[in-house]
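K.L.:
Structure provided below as structure tokens; questions to follow.
The values are calculated or read from the model by the stated rules, or taken from the named source; none is laboratory data. Fair warning: this is a prediction, and the values are worked out from it, not measured in the lab. Note that we place each Cβ from the backbone using ideal geometry, even for glycine, and neighbour counts take in every protein chain shown. These area figures cover heavy atoms from the full protein model, side chains too; ligands, DNA and RNA do not enter into them. Shrake-Rupley method; radii C 1.70, N 1.55, O 1.52, S 1.80 Å.
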Amino acid sequence: MVPDAEFQSYYGRAVLKAPVWTHDIAIYLFTGGLAAGSALVAAGADLTGAPTLRRNLRLTCLGALGASTFFLIKDLGRPERFHHMLRVAKPTSPMSVGTWVLSAFGGLAGAAAVTEAAPLLPRTGLLGLGRKVLPAAGSASGLAAAAVAPALATYTAVLFADTAVPSWHEVYRELPFMFAGSALASGAGAGMLLAPVTEAAPARRLALIGAAVELTAAHRLEEGHGLLSEPYTQGRPGKLLRAARALTLVGVAGAVAGGRSRIVSALGGAALLGGSIATRFGVFEGGVASAKDPKYTVVPQRERVDARGSAKEKRHSGIAVDEDSSAREG
């Protein structure tokens, strides 16, 4: 018997060209998710009457959005031409859709953040009228930003899954849920970190929801795709995602036990933020690792070809049996 041959590509070269994106994109994933999650939790704070939580998260959202925009533009080959992406709207392009989502969200989130300066205005004259008008405008802008936030949190997952990178493309079902859960958990973590315990209840509740969604999707991503889940469990990506899971669980504990302790709530919020960072870097590096190793491209292709061949043989054998039965009956 000839022993099984070890898989190799021509001259040991990769089949796919690895993504040229730098870690700026991983930071962009985190800051964009933080902006989206902060807008959602700020809207919840606005609806439940938690002004300190609302103000701090609106300002956090604006800061994270500015950082996200910076890292996105910085990673472009010609950063000075970023504005050209707004010349067209192409629904079939995740990058085009994401650019418009980011722009729309930025305007709404920026307006909501600016209105937090209303209490600083004098009480007389037109400025006094502004003290009354701006909070209402801020509430409307904040709620509108929260409505756009899910698209901002998940379009990057669609962008990754739309590539030929094996371990990004294969997890197209789980990745949007993972990114959405991570975004909500990070926004809630920021709220737990920045707001007093008496106002942080909405953040703690949303932290539990975000963490549950993220951990469920992460488990499916790491266990549900055979060979193509392997890059997420080995090497540096595996270490990052295990750290993300551990930090998220610590954050969940802080959300559960932080109702009476400001320190516990803050530590839980910091853990959720750390978990979200590790999640984004782990997914980013897992995809890059799968593109560099040719087995993650070729072996699944061969398995799909073999599966189609087996299905075709079964179909033809079924037709032959039916024809033979018909002949005997005749």
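K.L.:
Testing the spin-label approximation: label points 7 Å from Cα along Cα→Cβ at residue 299 and residue 219. State their distance in nm.
P.N.:
With each label point 7 Å from Cα toward Cβ, the separation is 2.5 nm.
K.L.:
Sketch the reach of a paramagnetic label on residue 75 as a point 7 Å from Cα along Cα-to-Cβ, and name the residues of segment 136-163 whose backbone nitrogen lies under 17 Å away.
P.N.:
Counting only backbone N, you get 152-163.
K.L.:
Still on this structure, please answer the following. Relative contact order (percent) for the chain, with alpha-carbon contacts under 8 angstrom and 6 or more residues of separation?
P.N.:
22 percent
K.L.:
Taking θ as phi - 60°, what are the ³J(HN,Hα) couplings along segment 237-246 by the Karplus curve (6.51, -1.76, 1.60), each to the nearest whole Hz, with x for Gly and Pro?
P.N.:
With coefficients 6.51, -1.76 and 1.60, one gets x, x, 5, 5, 6, 5, 5, 4, 5, 5 Hz.
K.L.:
Let me ask something else. Under a 1.4 Å probe, what is the accessible area of segment 146-274 per residue, stated in Å²?
P.N.:
40 Å²
K.L.:
Roll a 1.4 Å probe over the protein heavy atoms and report the accessible area of residue 292 in Å², nearest 10.
P.N.:
We get 130 Å² for residue 292.
K.L.:
Okay, next question. What's the magnitude of the charge dipole for the chain around its Cα centre, counting Lys and Arg as +1 and Asp and Glu as -1 at the beta-carbon? Answer in Debye, nearest 20.
P.N.:
1300 debye
K.L.:
Sticking with this one: Accessible area, 1.4 Å probe, largest first: how do 313, 222 sort?
P.N.:
313, 222
K.L.:
Additional query: Residue 307 to residue 95: extension gain in nm, 0.36 nm per residue of separation minus the Cα-Cα distance?
P.N.:
73.0 nm
K.L.:
Still on this model: Leaving ligands and nucleic acids out of the surface, order 21, 168, 100 by accessible area at 1.4 Å, largest first.
P.N.:
100, 21, 168
K.L.:
State the extension gain, in nm to one decimal, for the chain segment bounded by residue 48 and residue 253, taking 0.36 nm per residue of separation less the distance between their alpha-carbons.
P.N.:
71.5 nm
K.L.:
Further, regarding this structure: Counting only the heavy atoms of the protein chains, how much of residue 169 is accessible to a 1.4 Å probe, in Å² to the nearest 10?
P.N.:
It works out to around 90 Å².
K.L.:
While we're on this one: Of 184, 73, 114, whose Cα points farthest to the positive end of the dipole of the chain (charges on the beta-carbon: +1 Lys, Arg; -1 Asp, Glu; origin at the Cα centre)?
P.N.:
Farthest towards the positive pole: 114.
K.L.:
Further question: How many angstrom lie between the C-alpha centres of segment 146-161 and segment 31-64?
P.N.:
Between the Cα centre of segment 146-161 and that of segment 31-64, the gap is 17 Å.
K.L.:
Okay, helix-only estimate at 222 nm for the chain: each DSSP H run of n ≥ 4 adds -39500 (n - 2.57), divide by all residues, round to 500 deg cm²/dmol; what do you get?
P.N.:
-26000 deg cm²/dmol
K.L.:
To the nearest 10 square angstrom, how much accessible area does residue 245 have with a 1.4 angstrom probe?
P.N.:
90 Å²
K.L.:
Considering only 273, 283, 200, whose Cα is most displaced toward the positive end of the charge dipole of the chain, charges sitting on Cβ of Lys, Arg (+1) and Asp, Glu (-1)?
P.N.:
Projecting each Cα onto the dipole axis, the largest value belongs to 200.
K.L.:
Measure nothing but the geometry: give the 0 to 90° angle between the long axis through the Cα atoms of 175-194 and the longest principal axis through the Cα atoms of the chain, rounded to 10°.
P.N.:
Once rounded, the angle reads 30 degrees.
K.L.:
Using only Cα atoms and rounding to the nearest 10 degrees, what angle (0 to 90) does helix 94-114 make with the longest principal axis of the chain?
P.N.:
Approximately 20 degrees, to the nearest ten.
K.L.:
Which one, 228, 152, 72, has the greatest fluctuation when you compute a Gaussian network model over the chain with C-alpha springs under 10 angstrom?
P.N.:
Per the Cα network of the chain with a 10 Å cutoff, 72 tops the list.
K.L.:
To the nearest 10 degrees, how steeply does helix 262-292 sit against the main Cα axis of the chain, on a 0 to 90 scale?
P.N.:
Roughly 30 degrees between the two axes.
K.L.:
Can you match Rg and Dmax of the Cα atoms in Å to one of these, [x] 24.6, 100; [y] 22.4, 68; [z] 19.4, 58, based on a calculation from the structure here?
P.N.:
From the options [x] 24.6, 100; [y] 22.4, 68; [z] 19.4, 58, the structure gives [x].
K.L.:
Moving on to the next point. Of the candidates 103, 276, 229, which one comes out as most mobile in a Gaussian network treatment of the chain with C-alpha springs shorter than 10 Å?
P.N.:
Result: 103 has the largest fluctuation of those listed.
K.L.:
Another one. Protein chains only, probe 1.4 Å: how do 277, 263, 25 rank by accessible area, largest first?
P.N.:
The residues order as 263, 277, 25, largest area first.
K.L.:
List the lysines whose Cα sits under 22 Å from the Cα of residue 17, skipping any in the same chain fewer than 8 residues away.
P.N.:
74, 292, 295
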